[in-house]
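Asker: Dropping a structure here in structure tokens format, bear with me for questions.
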Amino acid sequence: MTILDSVVIGAGQAGLSSSFHLRRLGIEHVVLDANARPGGAWQHRWDSLSMADVHGVADLPTATAPGGSEARANEVIAEWFDDYEQAHDLPVLRPVHVREVVDVDGVLGIRSVEGGQWSARTIINATGTWTNPFVPSYPGQRDFAGEQWHTVAYPGAEHFRGKRVIVVGGGTSAVQFLGELAPVTDVLWATRRPPVWNSGGFSGREAIAMVQERVAGGLPPASVVSVTGLALRPQEEAARRTGVYDRRLPMFQRLETGGVRWADGTFEPVDAVLWATGFRPAIRHLAPLGLRSPEGGIALRPGARDVQASVTTVADPRVQMVGYGPSASTIGGNRAGRAAALAVRDHLGRRESA
């Protein structure tokens, strides 16, 4: 079997950036993508998310990102990624679901669910989080007679019209869902901790640096918004006027057949629970390599130029992580893609410039 210089796993923004820079450096590689078509996780976002709603999409190398509009983000960005792959003739193979990455006599073996196998001297992991949604466990979940949804399958506000909904979660998605739901239906909001609103005194770069410190220490990465705080956009003003953001409730204790109950006995009837409880890194396929630290995360070496260039795993320098920890954003993914390609070049002992 041919041994490639590198294999990129995932063809989202970070994966495409990585492939672009690998090709520019003349490094032989393929990109394995689990999706049937281009678009990364963006193609799976809910239909009501427009380009005006997204927090910002960074440019890809040599390609300007689409601007804000009322067009659906899951269509616009998927088409942009498709055009980018074709314009740069990136070696993307799909659909390929990577099952595991193993060490075979010093070479990395990449094995897919479909049966395909590849061998490589290095890998760049760009699998993001979308395929690993997190739903916390609460007593009574199986007894609840209503609907339960997670961000990953959000059907849009119209689906909930006439239903009483409780949104669970203190992040950006929860704020956006409340913004859509409050003007059209009866909605409650519950979080484990009081939400922290952004007063403008904390920069995104400072937040990313704090995420990098966690990752460098081997801790699981925290979200940037958990540090920067939340902010309302113009799209949420109608919801703000309903008072929904001011009526935040502490987390309930259990679910019952017709609703949710708190520790003090308070009960609220609801027809649906919307779990806006986030995602975890989709890295189960890397488990055979033993990359996790005792603290539960994958420790990354500090980046030489930028905290978002922290991509090389401490446990195995053959493995680069892009879109993980400090590079878990579209801007970070782009920077990490270049850093990962350079790290691969250095590991292979080459000195081409990027």
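Asker: Can you tell me which of Trp275, Trp262 is touching a residue at least 24 places away in the same chain (Cβ under 8 Å) and not small (Gly, Ala, Ser)?
Answerer: On inspection, the qualifying residue turns out to be Trp275.
Asker: I need every pair where a residue in the stretch 52-71 that is under 23 Å from Leu90 (Cβ atoms) has its Cβ under 6 Å from the Cβ of a residue that is open to solvent by 70 Å² or more (accessible area, probe 1.4 Å) and not charged (D, E, K, R), sequence separation at least 6 or different chains.
Answerer: Between residues of the stretch 52-71 that are under 23 Å from Leu90 (Cβ atoms) and residues that are open to solvent by 70 Å² or more (accessible area, probe 1.4 Å) and not charged (D, E, K, R), the close pairs are Ala58/Ile331.
Asker: Select from the stretch 159-175 the residues that are at pLDDT 95 or above, open to solvent by 10 Å² or more (accessible area, probe 1.4 Å) and outside any loop (DSSP other than H, G, I, E, B) and list them in ascending order.
Answerer: His159, Arg164
Asker: Looking at the stretch 129-151, which of the residues that are within 18 Å of Gln176 (Cα to Cα) and open to solvent by less than 50 Å² (accessible area, probe 1.4 Å) is farthest from the chain's Cα centre (by Cα)?
Answerer: His150
Asker: Further question: Give the residues of the stretch 36-65 that are of a type outside the set (A, V, I, L, M, F, W, C), out of contact with any strand residue (DSSP E or B) (no Cβ under 7 Å at 6 or more places or on another chain) and open to solvent by less than 40 Å² (accessible area, probe 1.4 Å), sorted by residue number.
Answerer: Of everything in the stretch 36-65, those that are of a type outside the set (A, V, I, L, M, F, W, C), out of contact with any strand residue (DSSP E or B) (no Cβ under 7 Å at 6 or more places or on another chain) and open to solvent by less than 40 Å² (accessible area, probe 1.4 Å) turn out to be Pro38, Gly39, Gly40, Gln43, Asp53, Pro61.
Asker: Follow-up question, since we're still on this one. Would you mind stating whether Asp83 is at pLDDT 95 or above, open to solvent by 10 Å² or more (accessible area, probe 1.4 Å) and either within 28 Å of Pro155 (Cα to Cα) or not in a loop (DSSP other than H, G, I, E, B) (or both)?
Answerer: Judged against the criteria, Asp83 is a match.
Asker: Could you grab me the full set of residues in the stretch 304-354 that are open to solvent by 10 Å² or more (accessible area, probe 1.4 Å), at pLDDT 90 or above, among the small types (Gly, Ala, Ser) and not in a loop (DSSP other than H, G, I, E, B)?
Answerer: Ala339, Ala343
Asker: Under the condition of being charged (D, E, K, R) and under 13 Å from Asp316 (Cβ atoms), which residue from the stretch 280-303 is modelled with the highest pLDDT?
Answerer: Result: Arg292.
Asker: Please work out which one of (1) modelled with pLDDT of 65 or more; (2) surrounded by 15 or more Cβ atoms within 10 Å (Cβ to Cβ); (3) of a type outside the set (Gly, Ala, Ser) is the condition Arg247 fails and give its number.
Answerer: (2)
Asker: Say whether the condition of being in a loop (DSSP other than H, G, I, E, B), of a type outside the set (Gly, Ala, Ser) and over 25 Å from the mean Cα position of the chain (by Cα) is met by at least one residue in the stretch 104-114.
Answerer: Yes: the stretch 104-114 contains one or more residues that are in a loop (DSSP other than H, G, I, E, B), of a type outside the set (Gly, Ala, Ser) and over 25 Å from the mean Cα position of the chain (by Cα).
Asker: Still on this model: Would you check which residues across the stretch 100-120 are crowded, with 17+ Cβ neighbours inside 10 Å and touching a helix residue (DSSP H, G or I) at 6+ places or on another chain (Cβ under 6 Å) and list them?
Answerer: Of everything in the stretch 100-120, just one residue is crowded, with 17+ Cβ neighbours inside 10 Å and touching a helix residue (DSSP H, G or I) at 6+ places or on another chain (Cβ under 6 Å), namely Val101.
Asker: Further, regarding this structure: I want to confirm something. Restricting to the stretch 20-35 and keeping residues that are in a helix (DSSP H, G or I) and out of contact with any Leu (no Cβ under 8 Å at 6 or more places or on another chain), which single residue is most open to solvent (accessible area, probe 1.4 Å)?
Answerer: Here the residue is Arg24.
Asker: Something else about it: With within 17 Å of the chain's Cα centre (by Cα), open to solvent by less than 60 Å² (accessible area, probe 1.4 Å) and modelled with pLDDT of 95 or more as the only criterion, which of Ser6, Ser17 stands out?
Answerer: Details: Ser6 fails: within 17 Å of the chain's Cα centre (by Cα).
It is Ser17.
Asker: Would you pick out the residues in the stretch 252-295 that are outside any loop (DSSP other than H, G, I, E, B) and either open to solvent by 40 Å² or more (accessible area, probe 1.4 Å) or among the charged types (D, E, K, R) (or both)?
Answerer: Within the stretch 252-295, Arg254, Glu256, Arg261, Phe267, Glu268, Pro269, Phe279, Arg284, Ala287, Pro288, Arg292 qualify.
Asker: Does Arg72 satisfy being under 24 Å from Val311 (Cβ atoms) and open to solvent by 70 Å² or more (accessible area, probe 1.4 Å)?
Answerer: Criteria not met by Arg72.
The values are calculated or read from the model by the stated rules, or taken from the named source; none is laboratory data. As the structure is a computational prediction, the values presented were derived from the model and not from experiment. Glycine gets a Cβ as well: all are built from the backbone with ideal geometry, and neighbour counts include every protein chain shown. We work out accessible area using only protein heavy atoms, side chains counted, and drop any ligands, DNA or RNA first. Shrake-Rupley method; radii C 1.70, N 1.55, O 1.52, S 1.80 Å.
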